[in-house]
Structures are given as structure tokens and as C-alpha cells.
Amino acid sequence: MNAGTVVAIIDDDASLREAIGSLLASFDIRSEAFRDAQAMLASPRLSEFGCFLSDVVMPDANGFELLERLRAAGHQQPVIFMTAHKARGYAERSDALGACCLLTKPFTTEALMDCLAKALEK
């Protein structure tokens, strides 16, 4: 992975944002965390992120809507979705939107790192 890569973490669970940020830091991967889609979309650094790691179910806009907004704004960075919900159709919608991975919480460090490697090699 490129040493300059910054991963945007979007999740309404503060403890999960912190845990993933710490995990990525242990692999020398920089990250920036956001509590929801609106906060992330308001970032002046959108074009600088190498990858978006987003929860699917969030209060303001779900991860699928977030990806649609990113693409509509011209951002083509890879997206990895995370979810604790095993709703029918999530995998299909994730694939249809072009996401790299759909991780089911709780996921392993290996699963996350495999998805990041896949996302960042594109």
C-alpha cells in the first residue's frame, strides 16, 4: 500500500471508528474518521482519500447512498462496506454499485486488510 494513502472511515459507532483507526495505524496506514455520511461529504479532503470504508446502516444516509453521492460528485476511489445487518440484497447492491468488499461485522483483521489491499491495488 502507498505510504501516503489515507483511508476515510465512516461509521456512526465512535468506538468502532476508533478501533479501526488504531488498527490501521498499527499497519502504518493513515485514516480519518467521520461520524456519518454528511460529515464525510463536507470534508474538503474528499479527493485525497485513497479508499472509503463505510458502514451501510447509518442514521442520516446509508452507505449505499453515500457511494452514489460520491460517484455523482466524480469521486472514483474504491469503497469497502461494513455491516452488522445481514439484510437480503446487501451483497447484490454492494456489487451493483461497484464496491470492493462487503464486510460483515464482526470481521477479522485479516479480512479487513485483504479488502484494503484489493481496494488500493485498483
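Here, each number is a calculation from the coordinates, and none is a lab measurement. For clarity, every value in this text was computed on a predicted model and none was experimentally measured. Heads up, the Cβs are rebuilt from the backbone with ideal geometry, glycines too, and the neighbour counts pull from every protein chain shown.
Data for the structure
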{"read-out": "The stretch 1-112, relative contact order in percent, only Cα pairs under 8 angstrom and at least six apart counted", "value": "22 percent"}
{"read-out": "In Hz, Karplus ³J(HN,Hα) per residue of the stretch 55-60 (6.51, -1.76, 1.60; θ = phi - 60°; x = Gly, Pro)", "value": "5, 7, 9, 9, x, 8"}
{"read-out": "When the convex hull of its Cα atoms is projected in every direction, mean area for the stretch 51-92 (nm²)", "value": "3.1 nm²"}
{"read-out": "Karplus 3J(HN,Hα) series, Hz, for the stretch 71-81 with 6.51 cos²θ - 1.76 cosθ + 1.60 (x for Gly, Pro)", "value": "5, 4, 8, x, 7, 10, 4, x, 10, 10, 9"}
{"read-out": "Coordinate range along principal axes, alpha carbons of the stretch 75-122, Å, largest first", "value": "29, 25, 13"}
{"read-out": "Segment ALA39-ASP12, length gained on full extension (0.36 nm per residue, minus Cα span)", "value": "8.7 nm"}
{"read-out": "Total charge dipole magnitude, the chain, about the Cα centre, Cβ charges on Lys, Arg, Asp, Glu only, Debye to nearest 20", "value": "180 debye"}
{"read-out": "Built amide H within the under 5 Å cut-off of CYS101, gap 5+", "value": "PHE81"}
{"read-out": "Förster radius 22 Å - calculated FRET efficiency between ARG69 and ASP95, Cβ distance, rounded to 0.05", "value": "0.75"}
{"read-out": "Against the rule of thumb 2.2 N^0.38 Å, how large the Cα Rg of the stretch 14-84 comes out", "value": "1.06"}
{"read-out": "Kirkwood Rh and Cα Rg combined as Rg/Rh, the chain", "value": "0.91"}
{"read-out": "The stretch 63-109: relative contact order in percent, alpha carbon pairs under 8 Å with at least 6 residues between", "value": "43 percent"}
